[in-house]
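The values are calculated or read from the model by the stated rules, or taken from the named source; none is laboratory data. What you are looking at is a predicted structure, and each value in this text was computed from that prediction instead of being measured. Positions of Cβ are backbone-derived with ideal geometry, glycine not excepted, and every protein chain shown enters the neighbour counts.
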2 protein chains.
Amino acid sequence: MKKTKNPTACIIIIGNEILSGRTIDTNKHYLCKELSIKGIDVIEVRIIKDNIKQIIDTVNQTRNKYDYIFTTGGIGPTHDDLTALSIAKAFKVKLIKNKKAIQILKKYYSSLEQPLNKAREKMAFIPKGSELLYNPITKAAGFRIKNVFVMAGIPEIMIAMFQNIINKIKHGIPRISKTILVNVPESIIAKDLFRIQNQFDEVEIGSYPFLQKRKKGVNIVLRSKNKNQIKQAAKEIRNVISSL
Amino acid sequence: MKKTKNPTACIIIIGNEILSGRTIDTNKHYLCKELSIKGIDVIEVRIIKDNIKQIIDTVNQTRNKYDYIFTTGGIGPTHDDLTALSIAKAFKVKLIKNKKAIQILKKYYSSLEQPLNKAREKMAFIPKGSELLYNPITKAAGFRIKNVFVMAGIPEIMIAMFQNIINKIKHGIPRISKTILVNVPESIIAKDLFRIQNQFDEVEIGSYPFLQKRKKGVNIVLRSKNKNQIKQAAKEIRNVISSL
């Protein structure tokens, strides 16, 4: 691997409904793809419950290990939305009524001619020292505290928040990726892939087998920041394939 | 929550290609759903890289915390398949050529009139003290060591292995779940949901908001082992809704 290091990230998906298998989470995949495009390497994803202790532990286990932490879910108005409170506890700061957040909500609900009830007000309680992440859709803000970005769980809102964040943080060098599809079992080319991997230390060669109507095939994926190395490694792999 | 405790589980998805956003993992959702049906509570999912240190750390951080650990991915024949080696290191046991596993592979490849080359043989190297998890499709076995079940990443094979496992392990009491869809913002019913949640301690009430054409709605999901409690809680919630 090349010596210049990309920023690293961990994604934390918060939600009982995902762990029970009721809901298919799509935020994780979106974030992995978009961060990858910006050269930010996602090293780990964790999916956890709406549980104060688990949120605190997970955030504290990861936030010093990675450059960025992105969380989704649990910042709404109901009893099971525990993320803001848990993040405050993780950072040992108070959960305070954020003036700016409350202003935004007041304006929004008065434009809808609806009251700012207690449940809605709850969404303006944010850990002290946070910066707001604006929500152009339903207005209740997410927040950033240090390197932790706390976003909504509803995909449309999460995406809107993320698009505001992504160009304000440090990017890395995106990896170029090249896929070579081969309709043979990977066990036939494993030895050559091993040799080629050792030859190109700036290229990460992944071998992703699949079954199609029970016939084995493999996608060989080359990933690197170095275009030239990918080209050469791909050439070597094609030589192997044509000699089969 | 009821006092009888269900077995707990953690799912570990291993694969660079998922973290880079190239591949959408479907194993996680399948496992969450199937375990839930059997009353095994998935408390956490982790998605990590094909990296020896990360696999060791993740397995050792979780295996004493949950009743069952299920891993998928990284047990194939290529250089980037590092799971078996890492699990052996996590348990501080040797990675040995498993006699039964090698027999199965020999038979399979001789039936295909193909050699059992070194890459294929690699798939029979399994941590000492493991029990094999049979693979009816491509024959290379997964394995169980203590409470850790190590399965393939290819969904068809993972499912076949899992179906062999699931009826041999301890089940819990599956939670019954009931969904009430309401076309109002959750902030309108948040106060009542809070009250009803406090009233029914055997029911987990989840509030899952959504946007449809920018209009807010919410799925209220009630989950419990106790059918009667769900019925009563649902009735209370319906009363609230009809009074809106």
Residues to consider are B:ILE230, B:ILE205; find the one that is crowded, with 16+ Cβ neighbours inside 10 Å, hydrophobic (A, V, I, L, M, F, W, C), more than 29 Å from B:ILE12 (Cβ to Cβ) and away from every other protein chain (no Cβ under 11 Å). B:ILE230
Residues being within 30 Å of B:ILE220 (Cβ to Cβ), under 16 Å from the mean Cα position of the chain (by Cα), buried (at least 18 other Cβ atoms within 10 Å of the Cβ) and not polar (S, T, N, Q) - total across the range A:1-28: 8
For the range B:143-167, how many residues meet the condition of being modelled with pLDDT of 95 or more, assigned to a loop (DSSP other than H, G, I, E, B) and not aliphatic (A, V, I, L, M)? 3
Would you confirm, using the coordinates I've provided, whether B:LEU82 is within 14 Å of another protein chain (Cβ to nearest Cβ) and touching a helix residue (DSSP H, G or I) at 6+ places or on another chain (Cβ under 6 Å)? yes
Output the qualifying pairs, or none if there are none: Cβ atoms under 8 angstrom, residues six or more apart or on different chains, first residue in the range A:148-171 and without any contact (Cβ under 8 Å) to a residue 24 or more places away in the chain, second residue hydrophobic (A, V, I, L, M, F, W, C) and surrounded by 18 or more Cβ atoms within 10 Å (Cβ to Cβ). A:ILE157/A:MET151
Out of B:LEU105, B:LEU95, B:LEU112, report the one residue that is in contact with a Lys or Arg (Cβ under 8 Å, 6 or more places away or on another chain) and within 13 Å of chain A (Cβ to nearest Cβ). B:LEU105
Does A:ASN64 satisfy being closer than 30 Å to A:GLY172 by Cα, more than 8 Å from chain B (Cβ to nearest Cβ), without any contact (Cβ under 8 Å) to a residue 24 or more places away in the chain and in a loop (DSSP other than H, G, I, E, B)? yes
Assess whether A:ALA101 counts as being out of contact with any helix residue (DSSP H, G or I) (no Cβ under 6 Å at 6 or more places or on another chain), at pLDDT 95 or above and part of a loop (DSSP other than H, G, I, E, B). no
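One line per residue, one yes/no per condition, for (1) out of contact with any Ser or Thr (no Cβ under 7 Å at 6 or more places or on another chain); (2) of a type in the set (A, V, I, L, M, F, W, C):
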site: A:HIS79; (1), (2): yes, no
site: A:LYS92; (1), (2): yes, no
site: A:LYS100; (1), (2): yes, no
site: A:TYR109; (1), (2): yes, no
site: A:ALA119; (1), (2): no, yes
site: A:PRO127; (1), (2): yes, no
site: A:LEU133; (1), (2): yes, yes
site: A:ILE137; (1), (2): yes, yes
site: A:ASN147; (1), (2): yes, no
Please identify the pairs in which a residue from the range B:4-33 that is more than 7 Å from chain A (Cβ to nearest Cβ) has its Cβ atom under 6 Å from the Cβ atom of a residue that is of a type in the set (S, T, N, Q) and in a helix (DSSP H, G or I), counting only partners at least 6 apart or on another chain. B:CYS10/B:THR62; B:ILE12/B:THR58; B:ILE14/B:THR83
Check B:THR78, B:THR58 and return the single one that is in the same structural domain as B:ASN117 (by TED's automatic domain parsing), surrounded by 17 or more Cβ atoms within 10 Å (Cβ to Cβ), among the polar types (S, T, N, Q) and not in a helix (DSSP H, G or I). B:THR78
Is it the case, given these coordinates, that B:ILE47 is at pLDDT 95 or above, in a strand (DSSP E or B), touching a Cys at 6+ places or on another chain (Cβ under 9 Å) and at the interface with chain A (Cβ under 8 Å from one of its Cβ atoms)? yes
Look through the range A:101-136, keep the residues that are more than 28 Å from the chain's Cα centre (by Cα) and of a type in the set (Ser, Thr, Tyr), and return whichever of them is farthest from B:ALA190 (Cα to Cα). A:SER111
